[in-house]
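Structure first, commentary second.
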Amino acid sequence: MRKFLTLAWTIGTLLCVASSVMAASVSFDSLLNEIVDRESAARFPEPTYICKQMSSYDRAMKTPEDKAGWFSNDDNNKFLRTEERDGRQEDVMFDAAGPGAVVRIWVTTAGTTGNLRIYVDDMEKPIVEDSVEKLMGGAYGASNQDPAQLPWIAERARGRNIYLPIPYAKQCKITFERTQAGGAFYYQVNYRTYAEGTTVESVTPEIFKASKAKMAEVGAKLLASGIGPFEKRSQNDFQGVELIPVKADEINDGTTSGITVRHQRGPEAIRQLTVKLQAEDMPLALRQTVLRMTFDDVVTAVVPVGDFFATGVGINPYQTWWNTVEKNGTMTCYWPMPYKKTCHIELLNCGTQKVVADLHTEIGKWIDDERFMYFHATRRLIPEVNSTEKQDMNYLTAEGCGVYMGDVLMIANPTEAWWGEGDEKVFVDGESFPSHIGTGTEDYYGYAWCTPEYFTDPFHAQPLCEGPANKGNTTNTRVRLLDGIPFTQSLKFDMELWHWDQVQTGWATVAYWYGKPGATGNFEFDPATLVVHMPKGAEPKKVDGAIEGEAMKVVGKTGGAIETQSGRNFKWSGDSQLWWKNGKAGDKLILGFEVEKAGKYTFEAMLTRAVDYGIVQLYLDDQKLGEAIDLYEEGGVFNREVRFDGVELSKGAHQLMIVIVGKHDKAVPSYMFGLDYLLLK
């Protein structure tokens, strides 16, 4: 007799009572309540609204038939217009008529600073006015984030986010005023537009001030996550149950059998689902143990456990509002999963190794009405993607009526180079042009500049980035609360794939969404393609005898940040360079290297040139090397060899000092510096 774990709940039939309730007015307070009302996620929105996005995407993007334009990537400084106000110039990044609400603002900058202003209705003065740095999380890398703002306003891995709702009755406008000329400004604004006639109370500075305690209370709930109070009807615990391998045909035709628990008390909903696995090879077990969900005889999810809980390869602790993964391997989700008659949850071992599982559920009452929606999790897998041709990767194509609520992206990347220049493109209800267009994959997930650092937050997380740089397995997740996307006919969610290198990558995605009865998604299941293997990348070519910049010891620096930047298309030795960024004029960087034999050398340094690179002066052991070097260049990223003949070097340790002395008049004021390698002949 098979011992693999299967859970089933059967509930009695209850007469469906349709109700039509007058929609309450929308206000700052009601939106704060909604954001932590988990039940509202599984009910079609009332009052109804559409969700769209305005961003700084490249306006050359017009139609898929024009490949160059459709995959254009100049996604910064694209504003609606520029306005003169009180003697200053304000670039308009968002302008929408009400009734509505802004539900997410994301920005990042390079080489520029400025002030953000938010205007509501006919008010002459903005309700919010402050510098981007003060308002949205401080300078990059700084720890001056005001704890009272969390999690509403914060910097996350160089992405600056505001999730505080901004309701407006008539109109909302958001502007950016530069206080430093030049540079790049990227932005995204997600917003709701309510049905005509919906009453919306516009937010004011006075409402913000009066709601401080409420904001702190709701923010604490978001940060704590965990299940909220509800009237429990049943609870199920199964511990230490061995999952015996099953065959593919048993999974597909539903003939599996095992432990069964029945209930006759519907309608009900799962409010919490917790899974913990034990196996010798846990990364493999997390991919080959499949969670299958069937509600009222309709299969809505067939997803590997690790993918479903967004832990990706291995156990990677993090916490969002909907999902939590703990260090001990306990994985929990709080998505409400309602059903009218029956619920059937299964854990299926599609591998060959022994897997032991714990499973815990919390079930409570549910009201069955015309807003009822089923929970869906749609997994897509493309084990090998050729990045030589830019393309759109589909997360979900759904038909029917529902709400898109978030996703997980897992990448297997064989090089250190960045894999996610692409933009999300979301088509709602048959749109010919997407109502959501992004500025980069990492921007969609709340961070910026392909930053590999770990972060976790109620709204998004990067629980895994193996490195170095962006090499190996990476997992990103974003869950939606007020920024869920309703659709009444269809939804198509694509993510553009644009890799810096010409390589093979592996992609796996999970889309979380709700659908009214009859809604369908394009999920697929094939046990043979459960595991995303790391594709092989071509070995990078290195210059013989070179001292690689990224391998040199940083002896000291007075400012900025050092990291390894990778990219095969830039023709760097080893496909990487030492990258010094966020410095300023006057800053110094000292690098150490060793000389094996004393003598007179030709000293060569391969430096990088680009539009945002500065003018530097080189010193060798405190001795000036030539004149200052201008590393500004338009039109791309280029190499520049500098050479000094007849340099006397003793055996042992030496130092190369780089001093930023300024920038070209046309350069973006980022003062960057890149060292590919040193070569001593």
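The values are calculated or read from the model by the stated rules, or taken from the named source; none is laboratory data. In this text, all values refer to a predicted model and were calculated from it rather than measured experimentally. Because the Cβ atoms are built from the backbone with ideal geometry, glycine has one as well, and the counts that use them run over all protein chains shown. For accessibility, only protein heavy atoms count, side chains too; no ligands or nucleic acids. Shrake-Rupley method; radii C 1.70, N 1.55, O 1.52, S 1.80 Å.
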- Note on the structure: In degrees, nearest 10, the alpha-carbon axis of helix 212-224 is tilted away from the dominant principal axis of the alpha carbons of the chain by 90 degrees
- Item | Accessible solvent surface per residue of the chain, calculated while the other protein chains remain in place, 1.4 angstrom probe, Å² | 40 Å²
- With +1 on each Lys and Arg Cβ and -1 on each Asp and Glu Cβ, and nothing else charged, work out how big the dipole of the chain is about its Cα centre, in Debye to the nearest 20. 1020 debye
- Taking a straight Cα-to-Cα line shorter than 18 Å from LYS354, and setting aside same-chain aspartates and glutamates fewer than 8 residues away, one finds GLU242, GLU280, ASP281, GLU346
- Message: Taking 8 Å as the Cα distance limit and 6 or more residues as the minimum spacing, I'd like the relative contact order of the stretch 564-681 as a percentage.
- Response: 42 percent
- The base-10 log of I(q)/I(0) that the Debye equation returns for the chain at q = 0.07, 0.08, 0.09, 0.12 Å⁻¹, one scatterer per C-alpha, is -0.51, -0.66, -0.82, -1.32
- Quick one: of LYS557/LYS584; LYS134/LYS588; LYS557/LYS666; LYS600/LYS663; LYS134/LYS425, which pairs are farther than 22 Å apart, Cα to Cα? LYS134/LYS588; LYS557/LYS666; LYS600/LYS663; LYS134/LYS425
- Note on the structure: Quick P(r) readout (the stretch 462-552; Cα-Cα; 10 Å bins; whole %) gives 9, 31, 30, 17, 8, 4, 0
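Which peptide among 667-680, 622-635, 271-284 comes first, and what is the full order, when sorted by highest mean count of other Cβ atoms within 10 Å?
Numbers: 667-680: 22.9, 622-635: 13.9, 271-284: 18.4.
For the peptides 667-680, 622-635, 271-284, the packing ranking is 667-680, 271-284, 622-635.
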- Task: Just tell me which aspartates and glutamates come within less than 12 Å, Cα to Cα, of LYS214; anything on the same chain fewer than 8 places away is out.
- Result: ASP29
- Task: Can you tell me the order of 118-126, 570-578, 27-35 when each peptide is scored by its average per-residue count of other Cβ atoms within 10 angstrom, highest first?
- Result: 570-578, 27-35, 118-126
- Task: Identify all lysines with a Cα-Cα distance to LYS597 below 18 Å; exclude those on the same chain that are fewer than 8 residues away in sequence.
- Result: LYS651, LYS681
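Beta carbons within 10 angstrom, averaged per residue: use that to sort the peptides 316-323, 175-182, highest first.
316-323, 175-182
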- Given the rule -39500 (n - 2.57) for each run of at least 4 DSSP H residues, summed and divided by the residues of the chain, what is its mean residue ellipticity at 222 nm, to the nearest 500 deg cm²/dmol? -2000 deg cm²/dmol
